[in-house]
1. Take the residues in region 212-240 that are touching a residue at least 60 places away in the same chain (Cβ under 8 Å) and small (Gly, Ala, Ser), then tell me which one is surrounded by the fewest Cβ atoms within 10 Å (Cβ to Cβ).
2. Could you tell me whether any residue of region 288-295 is buried (at least 20 other Cβ atoms within 10 Å of the Cβ), touching a residue at least 12 places away in the same chain (Cβ under 8 Å) and of a type outside the set (A, V, I, L, M, F, W, C)?
3. Here are the criteria: (1) free of Cβ contacts under 8 Å to residues at least 40 places away in the same chain; (2) surrounded by 15 or more Cβ atoms within 10 Å (Cβ to Cβ); (3) over 30 Å from residue 170 (Cα atoms). Tell me which single one residue 99 does not satisfy.
4. Quick check: is even one residue across region 77-86 more than 28 Å from residue 400 (Cβ to Cβ), not in a loop (DSSP other than H, G, I, E, B) and not hydrophobic (A, V, I, L, M, F, W, C)?
5. Please go through (1) over 11 Å from residue 187 (Cβ atoms); (2) in a loop (DSSP other than H, G, I, E, B); (3) of a type outside the set (S, T, N, Q) for residue 453 and return the number of the only condition it doesn't satisfy.
6. Among the residues of region 187-206, how many are surrounded by fewer than 21 Cβ atoms within 10 Å (Cβ to Cβ) and not charged (D, E, K, R)?
7. Assess whether residue 80 counts as being within 29 Å of residue 268 (Cβ to Cβ), in contact (Cβ under 8 Å) with a residue 60 or more places away in the chain and under 20 Å from the mean Cα position of the chain (by Cα).
8. Yes or no: region 259-279 includes at least one residue that is surrounded by fewer than 22 Cβ atoms within 10 Å (Cβ to Cβ) and touching a His at 6+ places or on another chain (Cβ under 9 Å).
Amino acid sequence: MAHAPISAPHQSLDALEARIRYDLTCLNLPPANWVKPRKGPQGEPLHDVVIMGGGMCGLVATFALRNAGIRNLRVLDRSPEGFEGPWLTYARMETLRSPKTLPGPALGMGCLTFRAWFEAQHGTAEWEALDKIPRPMWMDYLRWYRKVLAIDVENGIEIRQVAPAGDLLRLDLAGAADGSILTRRLIMATGRDGTGGPNIPAFADGIARSAWAHSADEIDFAALRGKRVVVVGIGASAVDNAAEALEHGAAEVRHLIRRAEMPTINKMMGIGSPGFTHGFPTLDDAWRWRFMHYSFVTQTPSPRGSTLRVSRHPNAYFHFGAGVQAARMEGDEVVLSTPKGELRTDFVILGTGFRIEPAARPELGEAGRMVRMWRDVYTPPSGLEHPELGNFPYVSGDFAFQERVPGTAPWLSKVHCFNYGATLSMGKVSGDIPGISEGASWLAGSIAAGFYREDTEHHWQELVDYQTPELLGDEWRVSPFPGERVAAE
């Protein structure tokens, strides 16, 4: 039986923000800080948690930690305020792929959802008419989320290096705050490229640097007017960049695609459920590998709207079975070799995604090579090999890195990989909108449990020392037992 849409009464944004504050008060959130205060070895300040990244992952992780009673933390982001994450930088889609109804980083609070924020400003009728969330509007929502929750993101600060300092971590900073700080835990809430970097195919070595860009680069699309452009790949980022080039007046845009045909089915969307979210991390290695291997080889298609955004241009071309094998320069022209022959162009955009490679993260330094990877612990059966999957870090249930060889870098267990790199171990709960609240809750709960274990003696002593009585002695009187003779006073 069909039900009519449920609508909330129209309210202003001020009223919604007042509701959020009221709901948090009703939930007794955030609770008081319970973590034992500490100082560094030389008496310097010591943070319980530092969060690297103030985008969606960093914001919801901060909210979850505060709700777990962990208040001594800092959030650092190298980007200017309001430009954290990819939404206003290298993300170039018109709308989000995710359905508008997903709760996202709301952490179980309806009044913190995108829907509540949107309806408070535009009303229910406009919500019902909205198809997909416009990308810039999602960033506006995240800016509001940060403001209404009073999350203090320190912008313009980059973590250059992480190193052990006894049982702590020392972070070297650059930018708006120079020097170093100490922390007990570091959360790398660094998004899609957070455990590696852009995937640059080897053939790019044959192209002048001025004649190519990765889809994550800042690209001067206006300079491509009248130019021939090749986009390598057919994933969402490749398609979005092709559309940008076409809309800026490129003479032609040709997709060069290794696959023989267009992927059309988003397999992971078809099995999304609370069961998958909570059950995936509990599966054995063979099943987790099998699920993710299937997702990788079938490939997630670009959204329908994004693909139509390209194909409506008569000067857009899709060439299947035409993966780039080699590249060279002839004067100002780029010559690309493919199984179907050579193709000449003026500019190449690599829509080739990101690679997972902890050793490439400058913050980890040499310790990046000591991170335990899936290839170190699991050998897939014949037919399920996949080098890219093997490069994913094999993280613990608290998203923490593990050391490849015991004893070589035990401090890695204090660095939590709350980004795309945790996908094979934990599922899609550390970067994608659908499961981000669940992932943040697990992360915060695990860190809280770890702090409690580390300070067990302190908490035991608190129990022993607690002397505040609930009864004052005037609430009862001693009664004689039947037959007992009570001495006269």
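1. This residue is 235.
2. First, pick out the residues of region 288-295 that are buried (at least 20 other Cβ atoms within 10 Å of the Cβ): 288-289, 292.
Filter once more, so that each one left must be touching a residue at least 12 places away in the same chain (Cβ under 8 Å): 288-289, 292.
Narrowing further to those that are of a type outside the set (A, V, I, L, M, F, W, C): 288.
Looking for residues that are buried (at least 20 other Cβ atoms within 10 Å of the Cβ), touching a residue at least 12 places away in the same chain (Cβ under 8 Å) and of a type outside the set (A, V, I, L, M, F, W, C), one finds at least one in region 288-295, hence yes.
3. (2)
4. Filtering region 77-86 down to residues more than 28 Å from residue 400 (Cβ to Cβ) leaves 80-83.
Among the residues that remain, those that are also not in a loop (DSSP other than H, G, I, E, B) are: none.
The answer is no, given that none of the residues of region 77-86 is more than 28 Å from residue 400 (Cβ to Cβ), not in a loop (DSSP other than H, G, I, E, B) and not hydrophobic (A, V, I, L, M, F, W, C).
5. (2)
6. The number of residues fulfilling the criteria is 9.
7. Details: within 29 Å of residue 268 (Cβ to Cβ): no; in contact (Cβ under 8 Å) with a residue 60 or more places away in the chain: yes; under 20 Å from the mean Cα position of the chain (by Cα): yes.
When the stated conditions are applied, residue 80 does not pass them.
8. We begin by selecting, within region 259-279, every residue surrounded by fewer than 22 Cβ atoms within 10 Å (Cβ to Cβ); these are 259-279.
Then keep just the ones that are touching a His at 6+ places or on another chain (Cβ under 9 Å); that gives none.
There is no residue in region 259-279 that is surrounded by fewer than 22 Cβ atoms within 10 Å (Cβ to Cβ) and touching a His at 6+ places or on another chain (Cβ under 9 Å).
The values are calculated or read from the model by the stated rules, or taken from the named source; none is laboratory data. In this text, all values refer to a predicted model and were calculated from it rather than measured experimentally. Backbone-built Cβ (ideal geometry, glycine too); neighbour counts: all protein chains shown.
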